[in-house]
Amino acid sequence: MKTVVKFGGSSLASAEQFKKTAAIIKSDPARRYVIPSAPGKRFPADMKVTDMFYVCYAKAEGNEKFQKELEQIAERYQEIITGLELELSLTDEFAVISENFSAHVGVNYAASRGEYLNSLIMAEYLGYEFVDAASVIRFADDGVFDSEKTNQMLAERLKSLERAVIPGFYGAFADGRIKTFSRGGSDITGSIVARAVMADVYENWTDVSGFMVADPRIVDNPVLIETITYRELRELAYMGASVLHEEAIFPVRHEGIPINIRNTNSPDDGGTWIVESTCQKSKYVITGIAGKKDFCAVNIDKDLMNSEIGFGRRVLQAFEDNGISFEHMPSGIDTLTVFVHQDEFADKEQKVVSAIHRLVKPDHIEIEGDLATLAIVGRGMKSMRGTAGRIFSALAHANINIRMIDQGSSELSIIVGVANEDFELAVRTIYHLFVDNYSTN
Ligand code: ASP
């Protein structure tokens, strides 16, 4: 068995948390490759070390004094080293960082040091080999992650290493310059390493016991999702972002390696399994509900639209030319609606409207804002008659007006548009329908 384990910032924020992490790693010999994040918050008002590095480097780049900020970061690490009773000294490392900051080596380098230093500590504490991500994770010259080159370099490097610690979040260009992934990117590194070593499992350790069926800020104590497929998770993308970086599923998905989300503070919980496919039915017909507020619907009417070849393409071109991505596009015979994010669209709305007029000569365009969308997702829905009917009648009973319905051809999800102000009630209504009323399902 070969398991790759990634630990998030809250799992490594203090010596206490490091001890829990090490106990988890040592409790299973299969946990051979470890991907640490930078130290996260120790308490709610605390600052993540990555953010401290950003602040510190901004001063360096502005030719201001940055030593005080760098010392505060060094103290965070020293607290961990002392708490773990290690001999390790990071003095030389901080001297190099200080020099590089003065030379303005770049913000990516600065941000990456959080993971780099934490991994040095972790490697020392576990007695594992340290492998710098800069030597094995490669970005192409255009800044895009080079998955094939990376896979080859990593597989080669780790082939002969029984156990290793590899910092998350960053890699390097061929010339050695450091480049980071987007925020939360250590999740991606873990997935890349799991692929390269052909791991049996990729464990992602965080501070929650997995994905919940609904957002706990909206529903009290929602139940946990035990198993979810990659595709379902993509449909629930709005929900997952705070638990797992949305790009983290792609490298392991490539190889059919399951991801197990686990809780460092409650290691006996089984967590959530993210798998390619499963014959396990989800208990509640639906696997999860997620949604987001603040969408705009752009309704376009034109008689005989249905027989006009290229109509849809030209409408979308108006959005593309203005750099706006669309979220959903339900259509009727003579109408087509494009759902876009309000914040992206607001500044450009009149430009888009005139582009649509120019491109498709519509009869009428109407824009409606302050809409929310809800994705009700479940692999079980396909084989269950009446799911949509139950959703719509429950929403009607809750006095919620449905503004849009979209069911993907995969029958994996039903998307419902409602007014922003009805959003929370809609989520609670659907949760109640499928989970609280489980016995009547
Ligand atoms: N430390 C980085 C961040 O704060 C990356 C990560 O934690 O995954 O975004």
Ranked output for segments 360-370, 310-320 by mean other Cβ atoms within 10 Å, highest leading, reads 310-320, 360-370
Selection from Met47, Asn118, Asn108 lying farthest towards where the dipole of the stretch 44-168 points positive, charges on Cβ: Asn108
Mind checking the angle between helix 15-26 and the chain's longest principal axis? C-alpha axes, 0 to 90 degrees, to the nearest 10. 80 degrees
Filter on Lys2/Lys26; Lys281/Lys382; Lys19/Lys41; Lys26/Lys159; Lys59/Lys179 - keep pairs with C-alpha separation over 18 Å: Lys26/Lys159; Lys59/Lys179
Computed over the stretch 303-441: relative contact order in percent, which uses C-alpha pairs under 8 Å that are six or more apart: 20 percent
Please report how far the C-alpha centroid of the stretch 378-441 lies from that of the stretch 201-259, rounded to the nearest whole angstrom. 20 Å
Heavy-atom accessible area per residue - the stretch 224-334, 1.4 Å, Å²: 48 Å²
Alpha-carbon centroids, the stretch 153-184 and the stretch 100-147: separation in whole Å: 7 Å
In cubic angstrom, how much convex hull volume per residue do the alpha carbon atoms of the chain span? 174 Å³
In units of 2.2 N^0.38 Å, what is the alpha-carbon radius of gyration of the stretch 158-207? 1.24
In sequence order, calculated HN-Hα J values of the stretch 379-395 (Karplus, 6.51, -1.76, 1.60; Hz; x Gly/Pro): 5, x, 5, 4, 9, 10, 6, x, 4, 4, x, 5, 4, 5, 6, 5, 5
Cα gyration tensor of the stretch 151-275 diagonalised, 5x eigenvalues square-rooted, in angstrom largest first, produces semi-axes 28, 16, 13
As an exercise, find the ratio Rg/Rh for the stretch 6-152 from alpha-carbon atoms, using the Kirkwood inverse-distance average for Rh. 0.98
State in Å² the accessible area per residue of the stretch 377-418; use a 1.4 Å probe, count heavy atoms of protein chains only, and round to the nearest integer. 51 Å²
Can you give the Rg to Rh ratio for the stretch 373-441, taking only C-alpha atoms and Rh from Kirkwood? 0.94
Give the percent of DSSP beta bridges with both residues in the chain that are antiparallel, rounded to the nearest 5. 65 percent
Considering all alpha-carbon pairs of the stretch 289-441, what whole percent are spaced by more than 24 angstrom? 39 percent
First compute the accessible area of the chain with a 1.4 Å probe, then give the percent of it belonging to carbon and sulfur atoms. 48 percent
State the Kirkwood hydrodynamic radius of the stretch 18-95 in Å, one decimal place, computed from all pairs of distinct Cα atoms. 14.6 Å
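The values are calculated or read from the model by the stated rules, or taken from the named source; none is laboratory data. Note that this is a predicted model, so its numbers are computed, not measured. Quick reminder, even Gly has a Cβ in these numbers, built from the backbone with ideal geometry, and neighbours come from all protein chains shown. When the accessible area is computed, the model is the full protein with side chains, heavy atoms only, and any ligands, DNA or RNA have been set aside. Shrake-Rupley method; radii C 1.70, N 1.55, O 1.52, S 1.80 Å.
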